[in-house]
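Single-structure report; data block below.
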Amino acid sequence: MDPVATSVILVHGAFADGSAWSRVIPLLQAQGLEAIAVQNPLTSLEEDAAHVQRAIDRAKGPVVLVGHSWGGAVITQIGNQDKVKALVYVAAFAPGIGQSPNDTLKPFPPSPGLSSVSMDRTGYLHLPAESLAANFAQDVPAAEAALLAATQGPVHAGCFRTRVTAAAWEHKPSWYIVASEDRMLPPAFLRATAERIGARTVEVGASHIPHASRPDAVAAVIIEAAGAR
(Lines give C-alpha, C1' and ligand atoms only; values in the text may rest on other atoms or scores of the structure.)
Protein backbone atom coordinates (compact mmCIF):
# COMPACT_ATOMS: atom_id res chain seq x y z
CA MET A 1 0.00 0.00 0.00
CA ASP A 2 1.14 3.52 -0.76
CA PRO A 3 -1.32 5.62 1.26
CA VAL A 4 0.79 8.77 1.05
CA ALA A 5 -0.31 9.19 -2.56
CA THR A 6 -4.02 8.72 -1.84
CA SER A 7 -6.65 11.29 -0.89
CA VAL A 8 -9.83 10.32 0.95
CA ILE A 9 -12.88 12.50 0.36
CA LEU A 10 -15.55 12.05 3.05
CA VAL A 11 -19.11 12.86 1.98
CA HIS A 12 -21.62 13.22 4.79
CA GLY A 13 -25.28 12.34 4.54
CA ALA A 14 -28.54 13.94 5.57
CA PHE A 15 -29.00 15.25 9.11
CA ALA A 16 -25.21 15.65 9.44
CA ASP A 17 -22.27 17.77 8.36
CA GLY A 18 -18.59 17.25 7.72
CA SER A 19 -17.74 17.22 11.43
CA ALA A 20 -19.40 13.79 11.69
CA TRP A 21 -16.10 12.36 10.39
CA SER A 22 -14.02 13.93 13.18
CA ARG A 23 -13.06 10.61 14.79
CA VAL A 24 -12.11 8.95 11.50
CA ILE A 25 -9.99 11.77 10.07
CA PRO A 26 -7.09 11.45 12.58
CA LEU A 27 -6.93 7.70 11.97
CA LEU A 28 -6.60 8.28 8.23
CA GLN A 29 -4.04 11.02 8.67
CA ALA A 30 -1.99 8.75 10.91
CA GLN A 31 -1.65 6.45 7.89
CA GLY A 32 -0.39 9.27 5.68
CA LEU A 33 -3.68 9.73 3.86
CA GLU A 34 -4.97 13.14 2.89
CA ALA A 35 -8.48 13.52 4.34
CA ILE A 36 -11.01 16.04 3.01
CA ALA A 37 -14.45 16.28 4.61
CA VAL A 38 -16.91 17.97 2.26
CA GLN A 39 -19.55 20.34 3.63
CA ASN A 40 -22.49 19.52 1.37
CA PRO A 41 -25.45 21.93 1.25
CA LEU A 42 -27.94 19.01 1.02
CA THR A 43 -30.00 21.06 -1.41
CA SER A 44 -29.95 18.79 -4.47
CA LEU A 45 -27.97 15.97 -6.04
CA GLU A 46 -26.52 18.44 -8.54
CA GLU A 47 -25.33 20.91 -5.89
CA ASP A 48 -23.91 18.24 -3.60
CA ALA A 49 -22.10 16.61 -6.51
CA ALA A 50 -20.61 19.99 -7.44
CA HIS A 51 -19.20 20.37 -3.93
CA VAL A 52 -17.65 16.90 -4.10
CA GLN A 53 -16.20 17.64 -7.54
CA ARG A 54 -14.37 20.68 -6.17
CA ALA A 55 -12.85 18.45 -3.49
CA ILE A 56 -11.81 15.89 -6.11
CA ASP A 57 -10.21 18.63 -8.17
CA ARG A 58 -8.09 19.88 -5.28
CA ALA A 59 -7.12 16.43 -3.94
CA LYS A 60 -3.39 15.79 -4.14
CA GLY A 61 -3.53 12.18 -5.25
CA PRO A 62 -5.82 9.44 -6.52
CA VAL A 63 -9.10 9.56 -4.65
CA VAL A 64 -11.13 7.22 -2.50
CA LEU A 65 -14.68 8.56 -2.26
CA VAL A 66 -16.49 7.71 0.99
CA GLY A 67 -20.24 8.32 1.16
CA HIS A 68 -22.48 8.03 4.20
CA SER A 69 -26.23 7.53 3.80
CA TRP A 70 -27.43 10.13 1.24
CA GLY A 71 -23.76 10.75 0.45
CA GLY A 72 -23.74 7.31 -1.17
CA ALA A 73 -26.05 8.59 -3.90
CA VAL A 74 -23.69 11.53 -4.44
CA ILE A 75 -20.57 9.40 -4.88
CA THR A 76 -22.58 7.03 -7.11
CA GLN A 77 -23.42 9.95 -9.39
CA ILE A 78 -19.96 11.49 -9.57
CA GLY A 79 -17.45 8.74 -8.88
CA ASN A 80 -16.80 7.35 -12.35
CA GLN A 81 -13.80 9.47 -13.27
CA ASP A 82 -10.15 8.70 -13.76
CA LYS A 83 -8.96 10.32 -10.55
CA VAL A 84 -11.25 8.13 -8.40
CA LYS A 85 -9.74 4.73 -7.58
CA ALA A 86 -12.34 3.28 -5.18
CA LEU A 87 -15.67 3.87 -3.45
CA VAL A 88 -16.60 3.21 0.17
CA TYR A 89 -20.27 3.20 1.14
CA VAL A 90 -21.09 3.66 4.84
CA ALA A 91 -24.68 2.59 5.59
CA ALA A 92 -25.49 4.30 2.32
CA PHE A 93 -27.68 4.51 -0.73
CA ALA A 94 -26.20 3.22 -4.00
CA PRO A 95 -28.88 3.64 -6.67
CA GLY A 96 -28.63 2.21 -10.15
CA ILE A 97 -28.93 4.39 -13.24
CA GLY A 98 -32.47 5.77 -13.38
CA GLN A 99 -33.15 5.06 -9.71
CA SER A 100 -33.64 7.47 -6.83
CA PRO A 101 -32.79 6.67 -3.21
CA ASN A 102 -36.53 6.43 -2.53
CA ASP A 103 -36.89 3.88 -5.32
CA THR A 104 -34.28 1.62 -3.74
CA LEU A 105 -36.05 1.76 -0.36
CA LYS A 106 -39.52 0.87 -1.64
CA PRO A 107 -39.36 -2.90 -0.97
CA PHE A 108 -38.47 -2.32 2.69
CA PRO A 109 -40.72 -1.29 5.61
CA PRO A 110 -40.39 2.26 6.97
CA SER A 111 -37.69 2.60 9.60
CA PRO A 112 -38.24 4.17 13.04
CA GLY A 113 -35.90 7.02 12.18
CA LEU A 114 -37.29 7.94 8.78
CA SER A 115 -40.82 7.69 10.15
CA SER A 116 -40.01 10.48 12.63
CA VAL A 117 -38.61 13.03 10.16
CA SER A 118 -40.35 16.41 10.03
CA MET A 119 -40.55 18.73 7.01
CA ASP A 120 -40.68 22.52 7.08
CA ARG A 121 -42.71 24.74 4.74
CA THR A 122 -39.80 24.98 2.26
CA GLY A 123 -39.48 21.23 1.83
CA TYR A 124 -36.44 20.64 4.04
CA LEU A 125 -36.36 17.58 6.29
CA HIS A 126 -35.17 17.72 9.88
CA LEU A 127 -34.66 14.94 12.43
CA PRO A 128 -35.94 15.86 15.90
CA ALA A 129 -33.28 15.70 18.60
CA GLU A 130 -35.03 12.91 20.49
CA SER A 131 -35.26 10.75 17.37
CA LEU A 132 -31.66 11.48 16.43
CA ALA A 133 -30.59 10.23 19.86
CA ALA A 134 -32.81 7.13 19.66
CA ASN A 135 -32.53 6.20 15.98
CA PHE A 136 -29.59 7.95 14.28
CA ALA A 137 -26.87 7.81 16.92
CA GLN A 138 -28.17 5.59 19.71
CA ASP A 139 -24.69 4.21 20.46
CA VAL A 140 -22.87 7.48 21.16
CA PRO A 141 -22.86 9.39 24.47
CA ALA A 142 -25.88 11.62 25.09
CA ALA A 143 -23.79 14.79 24.94
CA GLU A 144 -22.43 13.80 21.54
CA ALA A 145 -25.90 12.99 20.24
CA ALA A 146 -27.05 16.43 21.38
CA LEU A 147 -24.13 17.99 19.48
CA LEU A 148 -25.02 16.00 16.35
CA ALA A 149 -28.60 17.25 16.64
CA ALA A 150 -27.44 20.85 16.97
CA THR A 151 -25.12 20.67 13.95
CA GLN A 152 -27.30 18.52 11.69
CA GLY A 153 -27.80 19.59 8.10
CA PRO A 154 -31.46 19.70 7.03
CA VAL A 155 -31.88 18.05 3.64
CA HIS A 156 -34.29 18.93 0.85
CA ALA A 157 -36.85 16.18 0.37
CA GLY A 158 -36.34 16.37 -3.39
CA CYS A 159 -32.87 14.85 -2.99
CA PHE A 160 -34.36 11.46 -2.23
CA ARG A 161 -36.63 11.61 -5.28
CA THR A 162 -33.82 12.48 -7.70
CA ARG A 163 -32.74 9.69 -10.03
CA VAL A 164 -29.03 9.24 -10.64
CA THR A 165 -27.81 9.31 -14.23
CA ALA A 166 -24.56 7.42 -13.55
CA ALA A 167 -23.60 4.49 -11.32
CA ALA A 168 -19.93 4.67 -10.41
CA TRP A 169 -20.06 1.36 -8.55
CA GLU A 170 -20.49 -0.36 -11.91
CA HIS A 171 -16.97 0.74 -12.83
CA LYS A 172 -15.00 1.22 -9.59
CA PRO A 173 -13.96 -1.23 -6.84
CA SER A 174 -16.43 -0.75 -4.01
CA TRP A 175 -16.54 -1.43 -0.29
CA TYR A 176 -19.71 -1.34 1.82
CA ILE A 177 -20.08 -0.99 5.59
CA VAL A 178 -23.34 -2.47 6.88
CA ALA A 179 -24.40 -0.98 10.22
CA SER A 180 -26.21 -3.90 11.85
CA GLU A 181 -28.03 -1.73 14.44
CA ASP A 182 -29.17 0.93 11.95
CA ARG A 183 -32.57 2.44 12.75
CA MET A 184 -32.57 4.91 9.84
CA LEU A 185 -31.89 2.60 6.88
CA PRO A 186 -32.94 -1.00 7.61
CA PRO A 187 -30.00 -3.42 7.94
CA ALA A 188 -31.74 -5.72 5.46
CA PHE A 189 -31.71 -2.85 2.96
CA LEU A 190 -28.02 -2.22 3.60
CA ARG A 191 -27.12 -5.87 3.09
CA ALA A 192 -29.21 -6.08 -0.09
CA THR A 193 -27.58 -2.91 -1.43
CA ALA A 194 -24.08 -4.20 -0.75
CA GLU A 195 -24.88 -7.46 -2.51
CA ARG A 196 -26.53 -5.72 -5.46
CA ILE A 197 -23.50 -3.58 -6.20
CA GLY A 198 -21.02 -6.42 -5.66
CA ALA A 199 -19.13 -4.60 -2.92
CA ARG A 200 -16.67 -6.07 -0.48
CA THR A 201 -18.88 -5.98 2.59
CA VAL A 202 -17.94 -5.44 6.23
CA GLU A 203 -20.64 -5.62 8.90
CA VAL A 204 -20.18 -3.45 11.97
CA GLY A 205 -22.31 -3.55 15.10
CA ALA A 206 -23.25 0.10 15.09
CA SER A 207 -25.98 2.68 14.60
CA HIS A 208 -26.54 4.63 11.38
CA ILE A 209 -23.39 6.62 12.10
CA PRO A 210 -20.65 4.02 12.63
CA HIS A 211 -17.95 6.57 11.87
CA ALA A 212 -18.90 8.25 15.17
CA SER A 213 -19.36 5.12 17.31
CA ARG A 214 -16.90 2.72 15.61
CA PRO A 215 -14.36 4.97 13.90
CA ASP A 216 -11.67 2.29 14.11
CA ALA A 217 -13.73 -0.15 12.06
CA VAL A 218 -14.71 2.48 9.49
CA ALA A 219 -11.16 3.77 9.14
CA ALA A 220 -9.88 0.21 8.63
CA VAL A 221 -12.18 -0.28 5.65
CA ILE A 222 -11.20 3.06 4.12
CA ILE A 223 -7.51 2.29 4.58
CA GLU A 224 -8.01 -1.08 2.89
CA ALA A 225 -9.71 0.63 -0.06
CA ALA A 226 -6.90 3.20 -0.23
CA GLY A 227 -4.33 0.43 -0.46
CA ALA A 228 -6.13 -1.59 -3.14
CA ARG A 229 -4.48 -1.84 -6.54
Task: Residues of the stretch 195-220 classified as in contact with a strand residue (DSSP E or B) (Cβ under 9 Å, 6 or more places away or on another chain) and surrounded by 24 or more Cβ atoms within 10 Å (Cβ to Cβ), total - done: 7
- [ ] For the stretch 136-162, enumerate the residues that are within 17 Å of the chain's Cα centre (by Cα) and part of a loop (DSSP other than H, G, I, E, B).
- [x] 137, 152, 153, 154, 162
TODO: State all residues of the stretch 170-191 that are small (Gly, Ala, Ser), open to solvent by less than 50 Å² (accessible area, probe 1.4 Å) and in contact (Cβ under 8 Å) with a residue 40 or more places away in the chain; if no residue qualifies, say none.
DONE: 174, 179
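Tell me whether the stretch 156-174 contains one or more residues that are at pLDDT 95 or above, among the aliphatic types (A, V, I, L, M) and closer than 22 Å to residue 132 by Cα.
Looking through the stretch 156-174, at least one residue is at pLDDT 95 or above, among the aliphatic types (A, V, I, L, M) and closer than 22 Å to residue 132 by Cα.
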- [ ] Answer yes or no: is there a residue in the stretch 143-162 that is without any contact (Cβ under 8 Å) to a residue 24 or more places away in the chain and crowded, with 21+ Cβ neighbours inside 10 Å.
- [x] yes
Open item on the list: When you scan the stretch 192-213, do you find a residue that is over 26 Å from residue 43 (Cα atoms), more than 15 Å from the chain's Cα centre (by Cα), aliphatic (A, V, I, L, M) and part of a helix (DSSP H, G or I), even just one?
Closed with: yes
TODO: Give the number of residues within the stretch 91-112 that are more than 13 Å from residue 14 (Cα to Cα) and in contact with a helix residue (DSSP H, G or I) (Cβ under 6 Å, 6 or more places away or on another chain).
DONE: 6
Task: Cβ pairs under 6 Å, 6+ apart, first in the stretch 105-125 and over 12 Å from residue 155 (Cβ atoms) and among the hydroxyl-bearing types (Ser, Thr, Tyr), second open to solvent by less than 60 Å² (accessible area, probe 1.4 Å) and in a loop (DSSP other than H, G, I, E, B) - done: 111/184; 111/186
Task: Checking residue 167 against (1) surrounded by fewer than 14 Cβ atoms within 10 Å (Cβ to Cβ); (2) more than 18 Å from residue 12 (Cα to Cα), the condition it does not meet - done: (1)
TODO: Take the stretch 22-76 and flag every residue that is free of Cβ contacts under 8 Å to residues at least 24 places away in the same chain and aromatic (Phe, Trp, Tyr).
DONE: none
Task: Search result, residues across the stretch 9-36 that are open to solvent by 40 Å² or more (accessible area, probe 1.4 Å), over 18 Å from residue 210 (Cβ atoms) and in a loop (DSSP other than H, G, I, E, B) - done: 30, 31
Open item on the list: Condition check: within 19 Å of residue 127 (Cβ to Cβ) and either in contact with a helix residue (DSSP H, G or I) (Cβ under 8 Å, 6 or more places away or on another chain) or surrounded by fewer than 23 Cβ atoms within 10 Å (Cβ to Cβ) (or both). Does residue 43 satisfy that?
Closed with: yes
Task: Answer residue from the stretch 46-94, given it is farther than 17 Å from residue 170 by Cβ and of a type in the set (Lys, Arg) and is most open to solvent (accessible area, probe 1.4 Å) among those - done: 60
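The values are calculated or read from the model by the stated rules, or taken from the named source; none is laboratory data. Please read all numbers here as calculations on a predicted model, not as lab measurements. Neighbour counts run over all protein chains shown; Cβ positions are idealised from the backbone, glycine included. Areas reflect the complete protein model, heavy atoms only, side chains present, ligands, DNA and RNA absent. Shrake-Rupley method; radii C 1.70, N 1.55, O 1.52, S 1.80 Å.
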